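Encoded as structure tokens, the structure appears first; notes follow it.
The values are calculated or read from the model by the stated rules, or taken from the named source; none is laboratory data. Computed from a prediction, not measured in an experiment: that's the story for all the values here. Ideal geometry is used to build each Cβ from the backbone, glycine not excepted, and the neighbour counts take in all protein chains shown. All accessible areas refer to the heavy atoms of the entire protein, side chains included, with ligands and DNA or RNA removed. Shrake-Rupley method; radii C 1.70, N 1.55, O 1.52, S 1.80 Å.
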Amino acid sequence: MAGDILLAKMPTNDLIYDVADGIATLTLNRPDKLNAWTRDMEIAVRAAMEAAEGDEGVRVIILTGAGRGFCAGADMSLLSELAANGATSSAARVLAHEKQSRLGEGSRPDYRGTYSYFPSIKKPVIAAINGPAVGLGFILALYCDLRFASDQAKFGTAFSRRGLIAEYGVAWILPRLIGPANALDLLLSARIIDAEEASRMGLVNRVFPAAAFMENVRAYALELVKSVSPRSMAVIKKQVYYGLLESLEEAAASAEKEILESLCCEDFKEGVAHFVEKRAPRFTGR
């Protein structure tokens, strides 16, 4: 019910939200513009993420784009508005929506930002990068937990060629994914790279042929839905992202606490039972 209310408040038709087989698919839907980013789209994606987070029937989230593109960056009308006016009333509207959102509650402040809230979502978020992911589209992909690319995908930061800087924490997350030298290469030059080079850098987890791209992405997501404890996924995701900001001593202490709690959970008992009984698991997330 809460999810329905959130989705009803989405301000645009430029996002398609669909749930099937335990997977929520968020599709940026401006194919004629290669899904260029708008203020309304920003609010809609947050609302959809919040709805998926609160839906017990959803275990995995996929973010993708309609048509030939993932997201080609900020819409030029938005860039022109910012160039003319700087901070605007539309930006204030987005900020007001962020403050009303419950996403990231209880998480560390690092993971409550405009796009950096993706790591605070307890469910895996997969970027299905079907085409160009540039500028803000590149940032969206970075903050997803996993990145699968079509062999037709392309990547670029764009910022330095617009007189801008490394936005929204990208200077923090990109070096952690591909190393400082590769990060500086992409950020300074803003050159476009293809899926093969992105894979070599470690920017994407896998590259699939365009003809069967979403089938492969969904097959991976379905494996998580059917075979993995949703509680385990939530805890492991938190461990990894918090671990980026912790010492080894802190991470080990956290793991000690989490394992003791896990041993008392239904999903642990089911994990042992289905293995011994040689059947499919029936995890509940409890």
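Rounded to the nearest 5, what % of the DSSP beta bridges within the range 103-261 are antiparallel ones? Don't jump to the answer; show the numbers that get you there.
Values: 2 of 12 bridges.
Rounded to the nearest five, the antiparallel share is 15 percent.
Which of the three applies to the range 129-202, rounded, prolate or oblate, going by the alpha-carbon gyration tensor with a ≥ b ≥ c and a/c under 1.5 meaning rounded? Don't jump to the answer; show the numbers that get you there.
Numbers: a/c = 1.44, a/b = 1.30, b/c = 1.11.
Taking the square roots of the gyration eigenvalues as a ≥ b ≥ c, the range 129-202 is rounded.
Would you report the distance distribution of C-alpha pairs in the chain as whole percents per 10 angstrom bin, up to the bin with the largest distance?
With 10 Å bins starting at 0, P(r) equals 6, 27, 36, 23, 7, 1, 0.
By how many degrees, 0 to 90 and rounded to 10, does the Cα axis of helix 89-100 deviate from the longest principal axis of the chain?
Helix 89-100 sits at roughly 10 degrees to that axis.
Can you tell me the FRET efficiency between E270 and I16 if r is taken as the Cβ-Cβ distance and R0 is 51 Å, rounded to the nearest 0.05?
Working: r = 34 Å, r/R0 = 0.66.
Between E270 and I16 the formula returns 0.90.
How much of the DSSP bridge set in the chain is antiparallel, in percent, rounded to the nearest 5? Before the final figure, lay out the partial values.
Values: 8 of 30 bridges.
Percent antiparallel among DSSP bridges in the chain is about 25.
Which of these, V240, V58, V125, has the largest mean-square fluctuation under a Gaussian network model of the chain (Cα springs below 10 Å)?
Greatest mean-square fluctuation among the candidates belongs to V240.
Non-local amide H neighbours of I62 (under 5 Å, H modeled in plane, Pro and chain starts lacking H): which ones?
Distant-sequence amide H within range of I62: A24, T25, L26, I126.
Decide, for the range 141-286, between rounded, prolate and oblate: order the square roots of the alpha carbon gyration tensor eigenvalues as a ≥ b ≥ c, take rounded if a/c falls under 1.5, and otherwise choose prolate if a/b is larger than b/c, else oblate.
Values: a/c = 3.51, a/b = 1.58, b/c = 2.22.
Oblate.
Mind listing the phi-derived Karplus ³J(HN,Hα) values for the range 208-222, rounded to whole Hz, using 6.51, -1.76 and 1.60 with θ = phi - 60°, and x for any glycine or proline?
Couplings: 10, x, 4, 4, 10, 4, 5, 4, 5, 5, 5, 4, 5, 4, 5 Hz.
Any idea what angle helix 180-189 forms with the longest principal axis of the chain, computed on alpha-carbon atoms, 0 to 90 degrees, nearest 10?
Result, in degrees: 30.
Once phi is turned into θ = phi - 60°, what whole-Hz ³J(HN,Hα) does the Karplus curve with 6.51, -1.76 and 1.60 give for every residue of the range 135-143, x standing for Gly and Pro?
Karplus values, whole Hz, x for Gly and Pro: x, 4, x, 5, 5, 4, 5, 4, 7.
Using the heavy atoms of the protein chains alone and a 1.4 angstrom probe, what is the accessible area of the chain per residue in square angstrom? Please report the intermediate quantities before stating the final value.
Details: 14120 Å² over 286 residues.
With all protein chains present, the chain gives 49 Å² per residue.
What ranking, highest mean first, results for peptides 110-120, 205-215, 42-52 when packing means the other Cβ atoms within 10 Å averaged over each residue? Show your work: numbers first, answer last.
Values: 110-120: 19.4, 205-215: 15.0, 42-52: 23.5.
Ranked by mean Cβ neighbours within 10 Å, highest first: 42-52, 110-120, 205-215.
Between helix 39-54 and the chain, what is the angle of the helix's C-alpha long axis to the longest principal axis, kept within 0 to 90° and rounded to the nearest 10?
Around 0 degrees separate the two axes.
Report ³J(HN,Hα) in whole Hz for each residue of the range 150-163, in order, from the Karplus equation J = 6.51 cos²θ - 1.76 cosθ + 1.60 where θ = phi - 60°; Gly and Pro get x.
Result, rounded to whole Hz: 5, 5, 9, 6, 9, 9, x, 7, 6, 4, 5, 7, 10, x.
Given a cut-off of 30 Å, name the pairs among K123/K257; K154/K257; K33/K226 whose C-alpha atoms lie farther apart than that in the structure shown. Before the final figure, lay out each step's value.
Working: K123/K257 21 Å; K154/K257 42 Å; K33/K226 36 Å.
From the list (K123/K257; K154/K257; K33/K226), the Cα-Cα distance tops 30 Å for K154/K257; K33/K226.
Picking from S232, S150, S247, which is most flexible by a Gaussian network model of the chain using Cα springs under 10 Å?
Residue with maximal mean-square fluctuation among S232, S150, S247: S247.
Taking amide H positions as placed in the peptide plane 1.01 Å from N, state which residues far from C71 in sequence (5 or more) or on other chains have amide H under 5 Å from it.
A133, V134
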